[in-house]
Amino acid sequence: MKRNLRFYFALMFARGTALVLKLIGRKGTSMPGSWAIILCPDFIGRMPKPEKIIGITGTNGKTTVANMIEDVLEDNGIDFICNRSGTNVHTGIASTLIANSRFFGKPKHKLAVFEMDERSAPNFFPYMQPDILLCTNIFRDSYKRNAHAEFILDVLNREIPKGTRLVLNADDPLCSSIGPENERVYYGIDHLDTDKETCDNIVNDVPVCPKCFGPLVRDVVRYHHIGRVHCENCGYRSPEPDYRATDVDIAHMQMTVEKDGRADVYPLANANNINIYNSLAAVAMLREFGLTPEQIEKSFRKMGITKTRYSETVVGDKQIILQLAKGQNPIACSRVFENVRNMPGKKAVILILDDYFDSRRTVENTAWLYDTDFEFLNDESIVQVVIGGVRHQDTYVRALLAGILPERICHVREETETPKRVTLDVDTIFVLHDINAIRLAGTEIKRVLVKRVKEAASK
């Protein structure tokens with residue numbers, strides 16, 4: 001698209017907005033882009049872009065994968081821009097383009113890495129074409145936005161440009177079917193020790209063949225609809241991965257990935273199944289971008305999971321783990337709950353899953369609680385569940401329905417009360433928090449827990 005007076009006015013106004021926000025000490029990562037799009041609705045299309053664009057989308061894991069990719073590129077001295085400190089919707093992408101451009105919009109960098117919200121695809125794909133697009137998975141998400149996985153699939157299939165090369169999860173029947181006309185490569189995992197024969201999750205969004213809707217045979221079950229499948233009616237089966245994790249060695253926290261007959265070993269930051277897939281996705285994307293296995297492996301050894309999503313603190317003989325559980329997202333919460341259950345030792349769990357914005361400004365549909373596998377918290381190793389937040393009573397009822405004994409549950413309205421109520425007679429205390437409670441969990445709640453543990457140890 002050609003630039004016009006409307007575009008330049010929007011660009012200058014957005015630059016002024018960014019400057020004012022900087023002067024008053026606010027980051028305002030979305031606001032400049034918001035104003036630019038209000039003043040010029042096709043702003044992203046008219047804005048000059050870097051020569052090469054890498055996109056990362058999907059329901060779960062895209063932020064972690066995007067951060068891993070960015071860390072590796074930075075470690076290898078590759079210059080790029082990204083929306084890491086901003087939002088992953090069109091306004092955040094517009095703000096990133098503005099902040100990294102010269103006066104009249106010319107980009108300062110040749111490469112961009114954008115985390116892209118799958119629901120917002122209609123707002124940016126018509127105006128920009130990623131050279132490579134990675135999709136981590138497709139699940140139902142928040143009831144407010146993405147209540148059904150096939151809805152998200154339809155959005156992506158309509159909007160993804162035909163010339164974009166795709167990197168797709170072969171073990172997700174929905175994700176692997178994205179963009180049937182596009183060039184693509186797949187990644188997948190051969191075997192995990194946690195593989196099951198049947199799905200034990202409440203939600204399974206792919207009960208039938210995605211091609212003929214006939215009976216679907218599950219060859220490998222990981223979680224929800226993730227695994228290997230085939231259809232005896234039409235012959236459909238999960239595609240063979242180009243990047244295949246042939247050996248996931250949790251004892252040594254590493255995985256072996258085969259590609260074109262070559263096997264390379266990469267370190268793992270976390271033993272959680274989702275993070276194994278995240279690491280494999282990052283490897284596939286970085287290899288497709290052009291990095292060597294040696295470059296990726298070296299950079300991986302310097303990385304961990306971003307501390308806003310997972311952090312561990314050891315105080316004496318106890319461990320405090322803060323982990324993002326993304327309230328209103330039943331799949332993300334279920335995955336975290338199962339991980340907690342599978343961790344060794346005696347555990348207590350603090351749940352802060354209320355969405356901060358919704359709980360104070362709108363009426364939220366709490367149906368997502370009944371798609372979430374609270375049953376994973378009904379385990380002998382979990383001696384207490386402490387629930388905090390405006391809707392603590394709703395969550396309490398759900399915990400009871402999961403079979404958790406009332407004497408093992410404590411629930412309070414104020415989130416800041418939860419660390420005062422949790423038992424210390426455990427090996428590990430988990431703080432599972434919503435995305436809007438990251439700061440609260442990492443400051444006040446963690447501070448109180450650490451103080452209590454130290455005081456108890458000194459007695």
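The values are calculated or read from the model by the stated rules, or taken from the named source; none is laboratory data. Quantities reported herein were computed from a predicted structural model and do not represent experimental measurements. Don't worry about glycine lacking a Cβ; one is built from the backbone with ideal geometry, like all the others, and counts go over all protein chains shown.
Here are the numbers for this structure:
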| read-out | value |
| --- | --- |
| Enumeration of residues in segment 220-277 that are at positive phi and acidic (Asp, Glu) | Asp260 |
| Strands (runs of 3 or more DSSP E) (entirely within segment 376-459) containing at least 1 residues that are at pLDDT 95 or above and over 27 Å from Tyr223 (Cβ atoms) | 409-412 |
| Candidate set: segment 248-259, residues that are within 20 Å of Ile296 (Cβ to Cβ) and without any contact (Cβ under 8 Å) to a residue 12 or more places away in the chain; chosen: the one surrounded by the most Cβ atoms within 10 Å (Cβ to Cβ) | Thr256 |
| Residues that are among the hydrophobic types (A, V, I, L, M, F, W, C) and either under 25 Å from the mean Cα position of the chain (by Cα) or within 19 Å of Thr59 (Cβ to Cβ) (or both), drawn from segment 72-98 | Val72, Leu73, Ile78, Phe80, Ile81, Cys82, Val89, Ile93, Ala94, Leu97 |
| Close pairs from segment 387-406: first assigned by TED's automatic domain parsing to the domain that holds Leu353 and closer than 18 Å to Ser334 by Cβ, partner modelled with pLDDT of 95 or more and of a type in the set (Asp, Glu), Cβ under 6 Å, at least 6 apart | Ala402/Glu375 |
| Qualifying residue in segment 206-217 (condition: more than 19 Å from Leu168 (Cβ to Cβ) and in contact (Cβ under 8 Å) with a residue 40 or more places away in the chain) | no |
| Residue in segment 262-280 that is at pLDDT 95 or above, in contact with a Phe, Trp or Tyr (Cβ under 7 Å, 6 or more places away or on another chain) and assigned to a helix (DSSP H, G or I) present | yes |
| Candidate set from segment 37-69 (those that are crowded, with 24+ Cβ neighbours inside 10 Å and polar (S, T, N, Q)); member that is farthest from Ser101 (Cα to Cα) | Thr59 |
| Strands (runs of 3 or more DSSP E) wholly inside segment 84-197 containing at least 1 residues that are among the small types (Gly, Ala, Ser) and touching a residue at least 12 places away in the same chain (Cβ under 8 Å) | 111-115, 184-189 |
| Where Thr59 falls short, out of the listed (1) in a helix (DSSP H, G or I); (2) in contact (Cβ under 8 Å) with a residue 24 or more places away in the chain | (1) |
| Candidate set: segment 231-246, residues that are out of contact with any Pro (no Cβ under 8 Å at 6 or more places or on another chain) and surrounded by 15 or more Cβ atoms within 10 Å (Cβ to Cβ); chosen: the one nearest to Leu216 (Cα to Cα) | Arg237 |
| Residue selected from segment 344-365 under the condition at pLDDT below 95 and over 21 Å from the mean Cα position of the chain (by Cα), by the criterion farthest from His411 (Cα to Cα) | Pro344 |
| Residue in segment 201-216 that is at pLDDT below 95, in a strand (DSSP E or B) and among the hydrophobic types (A, V, I, L, M, F, W, C) present | yes |
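The rows are residues; the columns are (1) within 21 Å of Asp131 (Cα to Cα); (2) out of contact with any Lys or Arg (no Cβ under 9 Å at 6 or more places or on another chain); (3) not hydroxyl-bearing (Ser, Thr, Tyr).
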residue: Ala251; (1), (2), (3): no, yes, yes
residue: Glu258; (1), (2), (3): no, no, yes
residue: Gly261; (1), (2), (3): no, yes, yes
residue: Asn270; (1), (2), (3): no, yes, yes
residue: Arg287; (1), (2), (3): yes, no, yes
residue: Thr292; (1), (2), (3): yes, yes, no
residue: Ile296; (1), (2), (3): yes, no, yes
